[in-house]
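*Asks:* I am attaching a structure below and will ask some questions about it afterwards.
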Amino acid sequence: MLAMNKFRILGTTVFVIAASIVITSCKDKRSTGWEYAPNMYEHTAFDPDQANPNFKDGKTAQLPPAGTTPIGFKRFDYPNTKDGYEKAGLEVTSLIAQTPAHLAEGKALFTTFCSPCHGITGQGDGLVVQHGYPPPPSYSKGQSSRGGAMKDLTDGKIYHTITYGVNAMGSYASQVAPEERWKIVMYVHHLQNL
């Protein structure tokens, strides 16, 4: 008899638990249930595009202080002028080692970003030239619009041109990272000797 009461109590308990689970689970289909660590998705920090009363101009996204350099960023303090170009040509040299791997990466980057205008071999015969745009000078035979032979361009002059652009060539600073620019410079030196 005692064993029978234990089974009834156990059965009733299981039934009540099962019924409460069924009833509470059918209550609201849109409910996400209990929240665990709600501050992970209901944060108190301001989003960059939100108004922020903590700053005078009311903006959350602030410009960095003048003269600061982000971590891992290499400064290129040569202005986009003829004098800046000439000074970079005299003072700036490549920061990466001349290795076959870097030359191969430079070739791949040149093919992606530069060959549409300059051509695969740097002769100024890229696809855009075939569609009627003026050709850039050949790296091995042409003359620079800033003076001098293209085959004599230094690391700094090529890097300055990639960073700021010249004539019809726009800046590639936003598309090509500084280290990648040095790899392109390395490959352009290879094309100057063809």
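The values are calculated or read from the model by the stated rules, or taken from the named source; none is laboratory data. None of the values given here were measured: they were computed from a predicted structure. Cβ coordinates were reconstructed from backbone atoms using ideal geometry, including for glycine residues, and neighbour counts include every protein chain displayed.
*Asks:* Just to be sure, is S94 under 20 Å from F76 (Cα atoms), touching a Phe, Trp or Tyr at 6+ places or on another chain (Cβ under 9 Å) and not in a helix (DSSP H, G or I)?
*Replies:* Considered against the rule, which asks whether it is under 20 Å from F76 (Cα atoms), touching a Phe, Trp or Tyr at 6+ places or on another chain (Cβ under 9 Å) and not in a helix (DSSP H, G or I), S94 comes out as yes.
*Asks:* Hey, could you check the range 123-151 for residues that are part of a helix (DSSP H, G or I) and touching a residue at least 24 places away in the same chain (Cβ under 8 Å) and say which is surrounded by the most Cβ atoms within 10 Å (Cβ to Cβ)?
*Replies:* Of everything passing the filter in the range 123-151, M150 is surrounded by the most Cβ atoms within 10 Å (Cβ to Cβ).
*Asks:* If you don't mind, another one. Just one of (1) assigned to a loop (DSSP other than H, G, I, E, B); (2) more than 19 Å from V166 (Cα to Cα); (3) not hydrophobic (A, V, I, L, M, F, W, C) trips up G106, so point out which.
*Replies:* (1)
*Asks:* Within the range 165-189, track down each residue that is aromatic (F, W, Y) and more than 16 Å from V92 (Cβ to Cβ).
*Replies:* Correct list: Y172, Y187.
*Asks:* For Y172, are the conditions met, namely being in a loop (DSSP other than H, G, I, E, B) and within 15 Å of V188 (Cβ to Cβ)?
*Replies:* When the stated conditions are applied, Y172 passes them.
*Asks:* From the list I17, I96, pick out the single residue that is surrounded by 11 or more Cβ atoms within 10 Å (Cβ to Cβ) and at pLDDT 80 or above.
*Replies:* On the way: I17 fails: surrounded by 11 or more Cβ atoms within 10 Å (Cβ to Cβ).
That would be I96, the only listed residue that is surrounded by 11 or more Cβ atoms within 10 Å (Cβ to Cβ) and at pLDDT 80 or above.
*Asks:* Among residues belonging to the range 61-86 that are among the basic types (K, R) and part of a loop (DSSP other than H, G, I, E, B), point out the one that is farthest from E179 (Cα to Cα).
*Replies:* R75
*Asks:* While we're looking at this one, here's another question. Does E86 qualify as being under 15 Å from H189 (Cα atoms), buried (at least 16 other Cβ atoms within 10 Å of the Cβ) and not β-branched (V, I, T)?
*Replies:* Judged against the criteria, E86 is not a match.
*Asks:* Please find, within the range 25-50, the residue that is farthest from A61 (Cα to Cα) out of those that are outside any loop (DSSP other than H, G, I, E, B) and at pLDDT 70 or above.
*Replies:* P38
*Asks:* Given the condition aromatic (F, W, Y) and surrounded by 11 or more Cβ atoms within 10 Å (Cβ to Cβ), answer yes or no: does some residue in the range 64-73 qualify?
*Replies:* For the range 64-73, residues aromatic (F, W, Y) and surrounded by 11 or more Cβ atoms within 10 Å (Cβ to Cβ): absent.
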